[in-house]
């Protein structure tokens with residue numbers, strides 16, 4: 001099982017990645033818009049894992 005610190009690092013990385021993708025989309029540099037949806041889902045899964053681990057702590 002991954003600990004909360006690793007999950008927090010992953011969360012920050014995904015948030016930054018999502019922000020960058022949104023900028024790229026607005027600037028017309030993002031050709032595959034499905035990547036935004038995948039990043040959102042991965043972020044949601046990470047946040048769910050963090051919340052689940054906090055309940056067991």
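The values are calculated or read from the model by the stated rules, or taken from the named source; none is laboratory data. Bear in mind the structure is a predicted one, so any value in this text is a computation, not a measurement. Neighbour counts are summed over all protein chains in view; Cβ atoms, including those assigned to glycine, are modelled from backbone coordinates with ideal geometry.
Look at residue 30 and say whether it is in contact with a helix residue (DSSP H, G or I) (Cβ under 8 Å, 6 or more places away or on another chain) and free of Cβ contacts under 8 Å to residues at least 12 places away in the same chain. Please lay out each step first, then the result.
Details: in contact with a helix residue (DSSP H, G or I) (Cβ under 8 Å, 6 or more places away or on another chain): yes; free of Cβ contacts under 8 Å to residues at least 12 places away in the same chain: yes.
Yes; evaluated as a whole, the condition is true for this residue.
Among the residues of region 23-33, how many are in a helix (DSSP H, G or I) and exposed (fewer than 13 other Cβ atoms within 10 Å of the Cβ)? Before you say what the answer is, go through the steps one by one.
Step one: of region 23-33, the residues in a helix (DSSP H, G or I) are 23-27.
Of the ones still in play, those that are also exposed (fewer than 13 other Cβ atoms within 10 Å of the Cβ) are 23, 26-27.
Count: 3.
Residue by residue through region 34-54, note down the ones that are touching a helix residue (DSSP H, G or I) at 6+ places or on another chain (Cβ under 8 Å) and either surrounded by 11 or more Cβ atoms within 10 Å (Cβ to Cβ) or at positive phi (or both).
Applying the first criterion (touching a helix residue (DSSP H, G or I) at 6+ places or on another chain (Cβ under 8 Å)) to region 34-54 yields 35-36, 39-40, 42-43, 46-47, 49-50, 53-54.
Residues satisfying the conditions are 35, 36, 39, 40, 42, 43, 46, 47, 49, 50, 53.
Quick one: would you say residue 57 is exposed (fewer than 11 other Cβ atoms within 10 Å of the Cβ), modelled with pLDDT under 95 and out of contact with any helix residue (DSSP H, G or I) (no Cβ under 7 Å at 6 or more places or on another chain)? I'd like the intermediate steps shown before the answer.
Values: exposed (fewer than 11 other Cβ atoms within 10 Å of the Cβ): yes; modelled with pLDDT under 95: yes; out of contact with any helix residue (DSSP H, G or I) (no Cβ under 7 Å at 6 or more places or on another chain): yes.
Judged against the criteria, residue 57 is a match.
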